[in-house]
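K.L.:
Right, I'll just put the structure down here and ask away after.
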Amino acid sequence: MARAGLVGGALAATAVLGDEVAEGSAKLRALLVNGSPHREGCTYTALSLVAEELKKNNVEVEILHLGAGPVQDCIACGNCRKHPGICIWKDDPVNELIDKAKNSHGFVFGSPVYYGHPSGRLLSALDRAFYAGSFAFTGKPGAAVASSRRAGSLATIDAIQKHLTINQMPVISSFYWNEVHGNTPEQVMQDAEGIAVMRQLGRNLARAIKAYAAFPSGEEIPRSYTNFIR
């Protein structure tokens, strides 16, 4: 199926969803992506706090753990241009991420801080998922969450958010940066301000999911791909 067909189908489905949201019958879903190798570590703890508020606001939640195995980086092979929504690498969670994104209405991408940046596995996964399956994310609200011992969280959040902003995704914030601190889940749960930030983020994301689902975007403006070589 051509990318235009996929996008057109997604827009039609979103329009139907908008009617269901207005009627109060829609099932809204948020996909929270855990980019830490630890399934239930500090990043998971932060995402769980966001998830609690989403559920309170009638948004279904799934937390997808990218695992501790290797995640292949994008090699710019171009295969996904022939097969939109499918990455040629099949032995890691990226295709699963794309599939789940198709039926999700909002996202949170969480990562620990490694040397002042997100985990390599999360960046590799997002690079490939947004390249092969950008239509599954376009126009849907999303947020970035960072977990750190002390510093580097802002650069981590910024790196993740670049995937959102190039894909027309409203970036959802809280009343402080979307970060928690601690070396263990127990320490994260002592970060009173971080806990409050995560909870408010969940409420803000729930509101955005409902708003954007009720008022879907129209057709995209045709774009040109250029460079600066004359």
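We did not get these values from a lab; they are worked out from the coordinates using the rules stated. Not measured: the values here are computed from a predicted model. Every residue, glycine among them, receives a Cβ derived from its backbone with ideal geometry; neighbour counts consider all protein chains shown.
K.L.:
Cut-off is 10 Å between beta-carbons; in what order do Thr156, Thr165 appear when sorted fewest neighbours first?
P.N.:
Fewest-to-most ranking of Thr156, Thr165: Thr165, Thr156.
K.L.:
I would also like to ask the following. List the residues, sorted by chain then number, that are 5 or more residues from Ala30 or on another chain and whose placed amide H is less than 5 Å from its amide H.
P.N.:
Distant-sequence amide H within range of Ala30: Glu60, Val61, Glu62, His105.
K.L.:
Follow-up question, since we're still on this one. Which residue, His38, Ala206, Ala144, has the largest displacement toward the positive end of the dipole of the chain when charges sit on each Cβ (Lys, Arg +1; Asp, Glu -1)?
P.N.:
My answer, from the dipole projection, is Ala144.
K.L.:
Follow-up. Need the C-alpha centroid separation for the range 135-150 versus the range 193-220, integer Å.
P.N.:
With the range 135-150 and the range 193-220 each reduced to a Cα centre, they are spaced 11 Å.
K.L.:
Report the label-to-label distance for Asp91 and Ala68 in nanometres (one decimal), using points 7 Å from each Cα along the Cα→Cβ vector.
P.N.:
In this crude spin-label approximation the distance works out to 1.9 nm.
K.L.:
Counting other Cβ atoms within 10 Å, keep those with at most 14, restrict to DSSP loop, and tell me which trypsin sites (Lys or Arg not before Pro) in the range 192-227 are left.
P.N.:
Passing sites in the range 192-227 are Arg223.
K.L.:
Residue separation times 0.36 nm, minus the C-alpha to C-alpha distance between Ala151 and Ala192: what's the value?
P.N.:
So the chain would gain 13.0 nm between Ala151 and Ala192.
K.L.:
Where in the range 23-62 are there trypsin sites (Lys or Arg not before Pro) that are in a DSSP coil and have at most 14 other Cβ atoms within 10 angstrom of their Cβ?
P.N.:
Passing both the DSSP loop test and the Cβ count: Lys27, Arg39.
K.L.:
A follow-up question, please. Hey, what did the chain get for relative contact order, percent, Cα under 8 Å, at least 6 apart?
P.N.:
Worked out over the chain, it gives 25 percent.
K.L.:
Determine, for Ile63, Ile166, Ile209, Ile98, the number of other Cβ atoms within 10 Å of each Cβ, and report the residues in order from fewest to most.
P.N.:
Ile166, Ile63, Ile98, Ile209
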